[in-house]
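Q: Submitted below is the structure of interest, expressed as structure tokens.
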Amino acid sequence: MAEADRSTDTANASWERPAGSTLEQWLESRVARHSTRRYDWDALKFQADYDPKYRRAQMRYVGTGGTGVATDSNTVPSGHFTFSTMLIPAGHVGPMHIHHDVEEIFFVMRGRMKVICEKDGERWESVLGERDLISVPPGVYREEHNIGEEDALMCVMLGAAKPVTPNYPPDSPLSKIRR
């Protein structure tokens, strides 16, 4: 079996009904309730340890995202994407990083975020407000700044069940930190 076929089979298995389960049991296992989620301030702690402006929290719903968290049994298994929310305190930053393997979507639920993207020496930036979305293609550096005076809340979706952990620009001090 080809590698692509195996990864598709594994992904499809995440949504197949387990043998012997009722429809209710199966679908309840695919619900991620806000009341059972907790903000994970440690998922990106290595960044905040370097500079407190990078402190932010992830709340996972589908899969574990691209933060480097290996497993989270309190999420819906991911078949083809991950989904989480990110709480970004006022004045804090998601540092410049790149995903080579997946697109990343940011949907601002609350607050104002300045998004900066760079590729091949070109730079683009825009301010996103509530209910604004950007889909950043693979291979494009991205950075997010909470420019508001209150915590911002974003939905973050990555286009793979197990995205490769992102990289930082070579000149970034974060590129030298081992996780």
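The values are calculated or read from the model by the stated rules, or taken from the named source; none is laboratory data. In this text, all values refer to a predicted model and were calculated from it rather than measured experimentally. Counting neighbours? That spans all protein chains shown, and the Cβs are built from the backbone with ideal geometry, glycine included.
So that you can scan it fast, the table gives a plain yes or no per residue for (1) within 13 Å of the chain's Cα centre (by Cα); (2) of a type in the set (K, R):
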{"residue": "G94", "(1), (2)": "yes, no"}
{"residue": "G111", "(1), (2)": "no, no"}
{"residue": "E118", "(1), (2)": "no, no"}
{"residue": "P137", "(1), (2)": "no, no"}
{"residue": "L153", "(1), (2)": "yes, no"}
{"residue": "L158", "(1), (2)": "yes, no"}
{"residue": "K162", "(1), (2)": "yes, yes"}
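Q: Being more than 21 Å from F81 (Cβ to Cβ) and among the aromatic types (F, W, Y) is the filter here, so list the residues in region 40-65 that pass it.
A: W41, F46, Y50, Y54
Q: Identify, by number, the condition in (1) more than 17 Å from S84 (Cα to Cα); (2) out of contact with any strand residue (DSSP E or B) (no Cβ under 9 Å at 6 or more places or on another chain) that K119 doesn't meet.
A: Here K119 clears every test but (2).
Q: Would you point out the residue of region 90-147, among those that are of a type in the set (K, R) and assigned to a loop (DSSP other than H, G, I, E, B), that is surrounded by the most Cβ atoms within 10 Å (Cβ to Cβ)?
A: Checking each candidate, the answer is R112.
Q: Counting only residues that are touching a strand residue (DSSP E or B) at 6+ places or on another chain (Cβ under 8 Å), over 17 Å from L158 (Cβ atoms) and among the hydroxyl-bearing types (S, T, Y), how many does region 34-66 have?
A: Total meeting the criteria: 2.
Q: Residues in region 165-175: is at least one of a type in the set (D, E) and more than 20 Å from S78 (Cβ to Cβ)?
A: yes
Q: Test of understanding: among T82, T64, T75, which residue is at pLDDT below 95, polar (S, T, N, Q) and in contact with a Leu (Cβ under 7 Å, 6 or more places away or on another chain)?
A: Exactly one of T82, T64, T75 is at pLDDT below 95, polar (S, T, N, Q) and in contact with a Leu (Cβ under 7 Å, 6 or more places away or on another chain), namely T82.
Q: Can you spot a residue in region 27-49 that is within 22 Å of the chain's Cα centre (by Cα), modelled with pLDDT under 90 and not polar (S, T, N, Q)?
A: Yes - at least one qualifying residue is present in region 27-49.
Q: Only residues that are more than 15 Å from D51 (Cβ to Cβ) and either of a type in the set (F, W, Y) or modelled with pLDDT under 95 (or both): list them for region 127-168, please.
A: Within region 127-168, Y141, G159, A160, A161, K162, P163, V164, T165, P166, N167 meet the criteria.
Q: Output yes when any residue across region 64-74 is touching a residue at least 12 places away in the same chain (Cβ under 8 Å), part of a strand (DSSP E or B) and within 24 Å of E130 (Cα to Cα), and no when none is.
A: no
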